[in-house]
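Here the structure is laid out as structure tokens; the discussion comes afterwards.
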Amino acid sequence: MNKKFLSFILLGSSLMAEPVVSLYEQVKALSPTESMKTIQVPEGYKLQVVASEPMITEPVDCVWDANGDMYVIEMKTYMQDADGKGQYNKTSRVMKLTDLDGDGTMDKSSVFIDGLVLPRMILPLDDRILVCETNTFDIYAYRDTNGDGSADEKTIWFKGGRRGGNLEHQASGLIWNIDNWIYTTKSDFSLKIVDGKVQKAFRGNLKGQWGLGHDDDGNLAIGAAGPEKSFEYFQAPVHYSNYRFPNELEKDFNKVWPIDNIPDTQGGQRRLREDNTLNHVTAACGQTVYRGELMPEFYGNYLLAEPVGRLIRMTKVDTSLGFKQMRNVFPNSEFIRSTDANFRPVNLKTGPDGALYIVDMYRGIIQEGNWTKKGSYLRNIIDQYGLAKNIQMGRIYRLIPEDYSAKFARPEILKKSSEEIIPLLAMKNGWMRSTARKILILRNDKSIVPLLKKALSKSTNTQETIEILWTLEGLQALDKDFILTQIKSSDERLAIHAIRSSESLIEEADKDILSELKNIIKNAQSKPVLTQVFLSLKDSNSHENLKEFIAKYEQDEILKHHLAQWRKDKDEKRKKQEQLDALAGKGPIFQKIMTAGDKHYKSLCFVCHGSNGEGTPMAGTDTMLAPPLKGSKRVLGNKDKLIKIALHGLMGPIDGKTYPGAMESLASHDDKYISEVLTYIRNSWGNSAKLISPQDVKHTRKHNKKRKMPWTLAELK
């Protein structure tokens, strides 16, 4: 038979049918111009490509130095295949980009730092750029001393030590807040530069993941993708407490409204609508607050990126209930969203020009290898669509008004005198104000103190007075009499910040400051000022003032929320101390191990296993993110099996139940870390079992060193 005729018989039916579009055709990469056509933005606005491949690849964050040059972190080894091979190779970079003509598009680039391991945090200081890589909290300062665009000087700025764990559960952020403290996520301490030296102090436990921003008052924009939290801890500055109020997110706030239909979510069918669109936040990241003057109608709104849903949510803060409630600015829709499968927004920033900048990693896979293992739901989708092919790209966009075409002049703040910088503290652009304050403090030029105080006394701009106040604080130039004057101000926000700036004096039980706070408790009508008085007093030794506050405002519709949170914090602290006291009978070594294990658990494991060891529910479902540890026979049973699970993870049905993903491997942590956290879970929430030693972990690690895959229960049996 004729071969051509045979082919016609075999293929005839398909020749007559409509052409079938392959799954990969639905996700193949588009050029920046083509991709931008798929991105919906609000009417009256437009996107502009700031930079794209080959100028940048695999971007995850961008920042600007005081002169206006952009620095882009590239995680060049992130998930280059579905197994995440070679992720820790030292080939990631920081790129320096310059816009020469002010049109918003980058014209010049150079490799500022090369040979990095997945850099994750970056903060420009003066002419130094701070960078922290993955698996460490050591922060280095880099400087270009000869002006060729590449760093040739590297010095240790902060020795934080090694840390391990899944790279999605490590610190991010490194932001300089209004109070002059530098905050990161996944950390129970913050850093501050005082007279040129780095100080470290506890400033709240920031449990968020990828992304960290702040508003004009220092409230943080933070969330956690693991437990599917869009925003949390935004009621008050986080160093007062990890505040959570009932109904602080409007009903169904965490529902998302994407327009793509690629079902590549770790949560599987539970997280999808019938049309395959994502139904709930699952990778919320890049949280920030827009603080630019270019789009004043959006000023102060919170934003988050949802790369699995290919969208960006804009949130307005409503205070009409007496506390802050987050509301979607675009109900049943989103601020920005795309049908391009590779649109992966991971960070959002306000730029020196007042535009909103979007860091689009632009790639196929957006979740780390622990959740893409063979046999998992997500891996099947990745393989079916060929998502692993789309790598080594990336775009940065800026959102601007549709009719905007002005050229932006570089700020060149480093070239200005300190006196010339002071007026920048009054600018409408939050980036400009924050950068000016930072540079003045880094210069540590005390000669400008009289000029700052004079500017504050003459100002009619509340935000300017607040910036000047904290500039003076950063220069160690706030005296008691000056603070008292500002606390008595009729400007509510200035008074609030003045009270915050007085907290070192409150700790010292300064009679004049405490007397003024007592006067506010008795006579003030402003609930925000009264709230700040309570926040500043609640952990102090001023028991008389606290007692008076509670007696007067116990039933107040607004202040009662803060009192309730305070009591909750005190109760949790009491329970923790009772637990430690009970353990004291087992000896100081055991107690030390439990204290360390508690810290490890709360920085990593609680996200899925819950703060009470009973598991974290997947929002809106009856499914838990991970099995309970409380009363678990695997936790309390054979030590070797438990260590195996910790080192390599666990997958598949557990006690007849399925969970969204495999447990992540802790193998990157050292033996001591693993022994401490396992001993902790074996002796918490009513559990009681013998400690696990570093030697136990070392033994099991050695005998299973060739193991690469998670265990199943069948194998462990």
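Given the conditions (1) more than 24 Å from residue 253 (Cα to Cα); (2) under 23 Å from the mean Cα position of the chain (by Cα); (3) not aromatic (Phe, Trp, Tyr), report the number of the one that residue 618 does not fulfil.
Answer for residue 618: the failing condition is (1).
Scan the range 129-157 for residues that are within 26 Å of residue 417 (Cβ to Cβ) and without any contact (Cβ under 8 Å) to a residue 24 or more places away in the chain and report the count.
Count: 6.
Does residue 221 count as of a type outside the set (Ser, Thr, Tyr), buried (at least 22 other Cβ atoms within 10 Å of the Cβ) and touching a strand residue (DSSP E or B) at 6+ places or on another chain (Cβ under 8 Å)?
On the way: of a type outside the set (Ser, Thr, Tyr): yes; buried (at least 22 other Cβ atoms within 10 Å of the Cβ): yes; touching a strand residue (DSSP E or B) at 6+ places or on another chain (Cβ under 8 Å): yes.
Spelling it out, residue 221 is indeed of a type outside the set (Ser, Thr, Tyr), buried (at least 22 other Cβ atoms within 10 Å of the Cβ) and touching a strand residue (DSSP E or B) at 6+ places or on another chain (Cβ under 8 Å).
Scan the range 151-173 for residues that are touching a Ser or Thr at 6+ places or on another chain (Cβ under 8 Å), in a loop (DSSP other than H, G, I, E, B), buried (at least 16 other Cβ atoms within 10 Å of the Cβ) and modelled with pLDDT of 85 or more and report the count.
So the count comes out to 4.
Restricting attention to the range 583-622, report how many residues are in contact (Cβ under 8 Å) with a residue 12 or more places away in the chain, assigned to a loop (DSSP other than H, G, I, E, B), among the hydroxyl-bearing types (Ser, Thr, Tyr) and surrounded by fewer than 17 Cβ atoms within 10 Å (Cβ to Cβ). Let's see the steps before the verdict.
Step one: filter the range 583-622 for residues in contact (Cβ under 8 Å) with a residue 12 or more places away in the chain, giving 583, 590, 593-610, 612-616, 618-621.
Okay, now just the ones that are also assigned to a loop (DSSP other than H, G, I, E, B), so 610, 612-616, 618-621.
Within this subset, residues satisfying the condition of being among the hydroxyl-bearing types (Ser, Thr, Tyr) are 616, 621.
Those left that are additionally surrounded by fewer than 17 Cβ atoms within 10 Å (Cβ to Cβ): 621.
The total comes to 1.
Being outside any loop (DSSP other than H, G, I, E, B) and at pLDDT below 95 narrows it down to one of 200, 192, so name that one.
Values: 192 fails: at pLDDT below 95.
On inspection, the qualifying residue turns out to be 200.
Looking at the range 293-320, which of its residues are among the aliphatic types (A, V, I, L, M) and either more than 18 Å from the chain's Cα centre (by Cα) or buried (at least 22 other Cβ atoms within 10 Å of the Cβ) (or both)?
As a first pass, look at the range 293-320 and keep what is among the aliphatic types (A, V, I, L, M): 294-295, 303-305, 308, 311-312, 314, 317.
Correct list: 294, 295, 303, 304, 305, 308, 311, 312, 317.
Yes/no matrix, rows are residues, columns are (1) in contact with a helix residue (DSSP H, G or I) (Cβ under 6 Å, 6 or more places away or on another chain); (2) of a type in the set (Val, Ile, Thr):
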residue: 572; (1), (2): no, no
residue: 581; (1), (2): no, no
residue: 600; (1), (2): yes, no
residue: 622; (1), (2): no, no
residue: 641; (1), (2): yes, no
residue: 645; (1), (2): no, yes
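Give the range 83-100 a look and list any residue that's among the charged types (D, E, K, R) and modelled with pLDDT of 95 or more, or say none. Even if it seems obvious, please write down each step before you answer.
Initially, the range 83-100 is screened for residues among the charged types (D, E, K, R), giving 83, 85, 90, 93, 96, 99.
90, 93, 96, 99 - these are the residues of the range 83-100 that are among the charged types (D, E, K, R) and modelled with pLDDT of 95 or more.
Of all residues in the range 19-50, which are closer than 30 Å to residue 99 by Cα and among the small types (Gly, Ala, Ser)?
Scanning the range 19-50 gives 29, 31, 35, 44.
Condition first: among the polar types (S, T, N, Q) and in a strand (DSSP E or B). Now tell me which residues in the range 293-317 satisfy that. Steps first, answer last, please.
Residues of the range 293-317 that are among the polar types (S, T, N, Q), as a first pass: 301, 315.
315, the sole residue that qualifies.
Assess whether residue 275 counts as being over 29 Å from residue 532 (Cα atoms), over 23 Å from the mean Cα position of the chain (by Cα) and in a loop (DSSP other than H, G, I, E, B).
Details: over 29 Å from residue 532 (Cα atoms): yes; over 23 Å from the mean Cα position of the chain (by Cα): yes; in a loop (DSSP other than H, G, I, E, B): yes.
Here the answer is yes, as residue 275 does meet what is asked.
Quick grid of which residues meet (1) under 31 Å from the mean Cα position of the chain (by Cα); (2) farther than 30 Å from residue 269 by Cα; (3) at pLDDT below 85:
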site	(1), (2), (3)
595	yes, yes, no
627	yes, no, no
641	no, yes, no
644	yes, no, no
651	yes, no, yes
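Consider the range 48-59. How many of its residues are in contact with a Ser or Thr (Cβ under 9 Å, 6 or more places away or on another chain) and either crowded, with 21+ Cβ neighbours inside 10 Å or of a type outside the set (Val, Ile, Thr) (or both)?
Number of matching residues: 7.
Read through the list (1) crowded, with 19+ Cβ neighbours inside 10 Å; (2) more than 24 Å from residue 552 (Cβ to Cβ); (3) under 32 Å from the mean Cα position of the chain (by Cα), then give the number of the only condition that residue 448 fails.
Of (1) crowded, with 19+ Cβ neighbours inside 10 Å; (2) more than 24 Å from residue 552 (Cβ to Cβ); (3) under 32 Å from the mean Cα position of the chain (by Cα), only one is false for residue 448: (3).
I'm trying to understand the selection: among the residues of the range 97-125, which are in a loop (DSSP other than H, G, I, E, B) and in contact with a Lys or Arg (Cβ under 9 Å, 6 or more places away or on another chain)?
Residues of the range 97-125 in a loop (DSSP other than H, G, I, E, B): 99-107, 117-120, 125.
If the condition is that a residue be in a loop (DSSP other than H, G, I, E, B) and in contact with a Lys or Arg (Cβ under 9 Å, 6 or more places away or on another chain), then 99, 100, 101, 102, 103, 104, 117, 118, 119, 125 are the ones that fit.
The values are calculated or read from the model by the stated rules, or taken from the named source; none is laboratory data. In this text the structure is predicted, and so the values were computed from the model without any measurement. Note that we place each Cβ from the backbone using ideal geometry, even for glycine, and neighbour counts take in every protein chain shown.
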